[in-house]
Amino acid sequence: MIVRNKAFAALALTSLLGIAACGDTKESTENEAASTPAATTEGAAAGGEMKEGLKIAFLPKQINNPYFTISDKGGEDAVTAFKGEFKRVGPSDTAASSQVSYINTLTTQKQDAIVISANDANAVVPALQKAKAAGIKVVTYDSDTAPEGRDLFINQAAAEDLGRSQVQLLAKQIGQEGGEIAILSATPNATNQNTWIGFMEDELKKPEYSKFKLVKTAYGNDDDQKSFEETQGLLQAYPDLKGIISPTTVGIAAAARYLQGSDSKGKVKLTGLGTPNQLRDFVKDGTIEGFELWDPGKLGYLAAYAAGALASGTITGAEGEKFTAGDLGEREVGAKGEVLLGPPTVFDEANIDDFDF
Ligand code: RAM
């Protein structure tokens, strides 16, 4: 596998240099399409042996959410690179137990690892525990379960920083006069959004936000239409609303669309977590000033390598263990079975055209 990683790194470097790759053209095309990371020699050098032919199944919150299309393409690129079998299944809605039947089917199919972004921290745990009892490794990415449901959680960014920074972004956009603000979240039970919102609420307790008032947290359930209607509802219920934080790519895109067609465009500030490709036009026409996100493709890529390392037996999920995540290099398991991707990027008019995901 070390040899394979070197070949992968060399192909990525070749495409970076703009030289047509020869040999395995399928792989190089996938590398380019996924906005996976730049090549490093470090990635090729470190880590243990990866078994070939591992069956790795991705189970996103929602199969039809563009964010997960990107993250899971990163996962597919990784699985292809370490010669595994990639599979992707999942529900189209974000209901708490909508993923349970998929977990059961993947268990029956004897996958080597399930990589899941959980819609609910607890509803999926019994099914995941059955999978684990059958020898399947479980990795959560993006949205965690209770710790007993998984071996590792691949966290996109430090939750505290993500929560606090979204408040900081909005406060800067609104200015010193402050005013009423609202949150437009995903589902009421989403582990990732709820963790970030907890830190937002804590950040708002600081004296510098004394003129800001969080009037409501609304839930669009990561459904475009419901998120759009919830935005409309917020503006009707709170005519003096000064800003909205939407820590979901589905919510922020729907809120931006609503604001764009309303009198509140540019007046009611909107920030949160979104993909540059979904929000580019809204930044260019002044509906949104700035927002943030990690690279979802890299998150899926890292999660796939973690799943592969667990299924190969090179790691068990214990704190301090290290594994090679392809072009992301060597990664370490932190406390509570967490592996961190890294800090997010803030996007605005100045840099949004530098990103394509
Ligand atoms: C949505 C999902 C996902 C979250 C992003 C920011 O796509 O809720 O879980 O991480 O937004």
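The values are calculated or read from the model by the stated rules, or taken from the named source; none is laboratory data. Just so we're clear, the structure is a prediction, and the values are computed from it rather than from any experiment. Because the Cβ atoms are built from the backbone with ideal geometry, glycine has one as well, and the counts that use them run over all protein chains shown.
Kindly establish whether Q129 is touching a helix residue (DSSP H, G or I) at 6+ places or on another chain (Cβ under 9 Å), modelled with pLDDT of 95 or more and within 30 Å of Q225 (Cβ to Cβ). If you could, list the steps in order and put the result at the bottom.
Values: touching a helix residue (DSSP H, G or I) at 6+ places or on another chain (Cβ under 9 Å): yes; modelled with pLDDT of 95 or more: yes; within 30 Å of Q225 (Cβ to Cβ): no.
Answer is no for this residue.
Given the criterion part of a strand (DSSP E or B) and without any contact (Cβ under 8 Å) to a residue 40 or more places away in the chain, identify the matching residue among K172, K216. Before the answer, list the steps.
Numbers: K172 fails: part of a strand (DSSP E or B).
After applying the criteria, what remains is K216.
Out of everything in the stretch 46-75 that is more than 16 Å from the ligand (Cβ to nearest atom) and out of contact with any helix residue (DSSP H, G or I) (no Cβ under 8 Å at 6 or more places or on another chain), what residue ends up being modelled with the lowest pLDDT? First the steps, then the outcome.
Step one: filter the stretch 46-75 for residues more than 16 Å from the ligand (Cβ to nearest atom), giving 46-57.
Those still in the list that are out of contact with any helix residue (DSSP H, G or I) (no Cβ under 8 Å at 6 or more places or on another chain) too: 46, 52-53, 55.
Values: A46: 39, E52: 97, G53: 98, K55: 98.
Checked the stretch 46-75; the qualifying residue modelled with the lowest pLDDT is A46.
Which of the residues belonging to the stretch 144-161 are within 12 Å of the ligand (Cβ to nearest atom) and surrounded by fewer than 24 Cβ atoms within 10 Å (Cβ to Cβ)?
Listed by number, the residues that qualify are A157, A159.
Select, from G266, G297, the only residue that is out of contact with any Asp or Glu (no Cβ under 6 Å at 6 or more places or on another chain) and farther than 24 Å from G329 by Cα.
Values: G297 fails: farther than 24 Å from G329 by Cα.
That would be G266, the only listed residue that is out of contact with any Asp or Glu (no Cβ under 6 Å at 6 or more places or on another chain) and farther than 24 Å from G329 by Cα.
Among the residues of the stretch 175-199, how many are crowded, with 22+ Cβ neighbours inside 10 Å, of a type in the set (A, V, I, L, M) and either within 15 Å of the ligand (Cβ to nearest atom) or modelled with pLDDT under 95 (or both)?
Qualifying residue count, the stretch 175-199: 4.
Can you give me the number of residues within the stretch 97-115 that are within 14 Å of the ligand (Cβ to nearest atom) and either more than 30 Å from T314 (Cβ to Cβ) or not aliphatic (A, V, I, L, M) (or both)? Write out each step before concluding.
Taking the stretch 97-115 first, the residues within 14 Å of the ligand (Cβ to nearest atom) are 98-99, 115.
Now drop any that are not either more than 30 Å from T314 (Cβ to Cβ) or not aliphatic (A, V, I, L, M) (or both), which leaves 98-99.
Total meeting the criteria: 2.
For L241, all conditions in the list (1) touching an Asp or Glu at 6+ places or on another chain (Cβ under 6 Å); (2) within 16 Å of the ligand (Cβ to nearest atom) hold save one; what is the number of the exception?
Going through (1) touching an Asp or Glu at 6+ places or on another chain (Cβ under 6 Å); (2) within 16 Å of the ligand (Cβ to nearest atom) one by one, L241 breaks only (2).
Within the stretch 282-293, is there a residue that is over 30 Å from G266 (Cβ atoms) and basic (K, R)?
Filtering the stretch 282-293 for residues over 30 Å from G266 (Cβ atoms) gives none.
There is no residue in the stretch 282-293 that is over 30 Å from G266 (Cβ atoms) and basic (K, R).
Exactly one of these conditions fails for E229: (1) touching a helix residue (DSSP H, G or I) at 6+ places or on another chain (Cβ under 7 Å); (2) within 19 Å of A95 (Cα to Cα); (3) surrounded by fewer than 18 Cβ atoms within 10 Å (Cβ to Cβ). Give me its number.
(1)
If you go through the stretch 130-165, how many residues are farther than 18 Å from I315 by Cα, of a type in the set (D, E) and outside any loop (DSSP other than H, G, I, E, B)?
Number satisfying all stated conditions: 2.
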